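Reviewing the structure listed below.
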Amino acid sequence: MRTAGEATRERILAAAKEEFAHHGVAGARINRIAETARASKDRLYAYFDSKEALFDAVIAQWIAETTEQTALRGDDLPGYAGRLFDYYVAHPENARLQKWADLEMSEQITDSDARTLALRPKIAEIRRGQQEGFVDPSWNAGELLLVITDIALSLATARGGRKPAGGKSGERTVAQRRQSAVEAVRRLIGAPATAYAPGRG
């Protein structure tokens, strides 16, 4: 059973996630977070000593959720792209958090940062895929992970009604954009079409 303190902390994190997703770190306001969480500013600062520390806690929670729901396997990077796409579509607030983190906090990442710690096993898994012949070994594993993430994020948050370069109108459905993400990653890593069946992702 949760204690009152644990419940308050969870409300603060939930309110902060909503605030950061809409306004980023620079635009977020502690007053709004405290009000939404039904907590005083003093209570909030008892758990998190700065707005940046609160953002780091939100990011750590988000990373844990994402990692659990979008497992990366070195022998199925196209499937990972599909799962990541699905996650961003289902959780648009997390897609916005990803963009804000990349925009505002990328230069502040340290070796002990939650983002760094989460990347290491994923990079190791990509290297395993390279060693076993599932991924083009000429790729830098860390850079490949960033590219795959950007593909899934960009297509998951793209507006379906944009006109393509050819000028013909018509919406790209979520399923079509998902398949584009999967196929883009398949081609990117040099995997043969037979190595990935769309139903697996």
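The values are calculated or read from the model by the stated rules, or taken from the named source; none is laboratory data. The structure displayed is predicted, hence computed values, not measured ones. As a convention, Cβ positions derive from the backbone with ideal geometry for all residues, glycine included, and neighbour counts pool all protein chains shown.
Couple of notes before you dig in:
- The listed residue being in a helix (DSSP H, G or I), within 20 Å of the chain's Cα centre (by Cα) and surrounded by fewer than 21 Cβ atoms within 10 Å (Cβ to Cβ), out of ALA60, ALA71: ALA60
- Check on ASP113, within 30 Å of LYS41 (Cα to Cα) and modelled with pLDDT of 85 or more: no
- Filter pass, ALA81 being outside the structural domain of LEU155 (by TED's automatic domain parsing), surrounded by 16 or more Cβ atoms within 10 Å (Cβ to Cβ) and either out of contact with any Leu (no Cβ under 6 Å at 6 or more places or on another chain) or under 30 Å from ARG187 (Cα atoms) (or both): no
- Among all residues of segment 2-10, there is none that is closer than 16 Å to ASN94 by Cβ and either crowded, with 20+ Cβ neighbours inside 10 Å or of a type outside the set (Val, Ile, Thr) (or both).
- Residue in segment 15-57 that is farthest from the chain's Cα centre (by Cα), counting only those that are closer than 16 Å to GLY5 by Cβ, among the aromatic types (Phe, Trp, Tyr) and assigned to a helix (DSSP H, G or I): TYR45
- Positions within segment 56-93 being closer than 24 Å to LEU13 by Cβ and among the hydrophobic types (A, V, I, L, M, F, W, C), in sequence order: ALA57, VAL58, ILE59, ALA60, TRP62, ILE63, ALA64, ALA71, LEU84, VAL89, ALA90
- PHE134 meets all of the listed conditions (1) part of a helix (DSSP H, G or I); (2) closer than 24 Å to ASP86 by Cβ; (3) modelled with pLDDT of 90 or more but one, namely (1).
- Total residues in segment 173-196 satisfying the condition of being in a helix (DSSP H, G or I) and either over 30 Å from ALA124 (Cβ atoms) or modelled with pLDDT of 70 or more (or both): the figure is 16.
- Restricting GLY142, GLY170, GLY160, GLY129 to residues that are surrounded by fewer than 16 Cβ atoms within 10 Å (Cβ to Cβ) and modelled with pLDDT of 75 or more narrows the list to GLY142.
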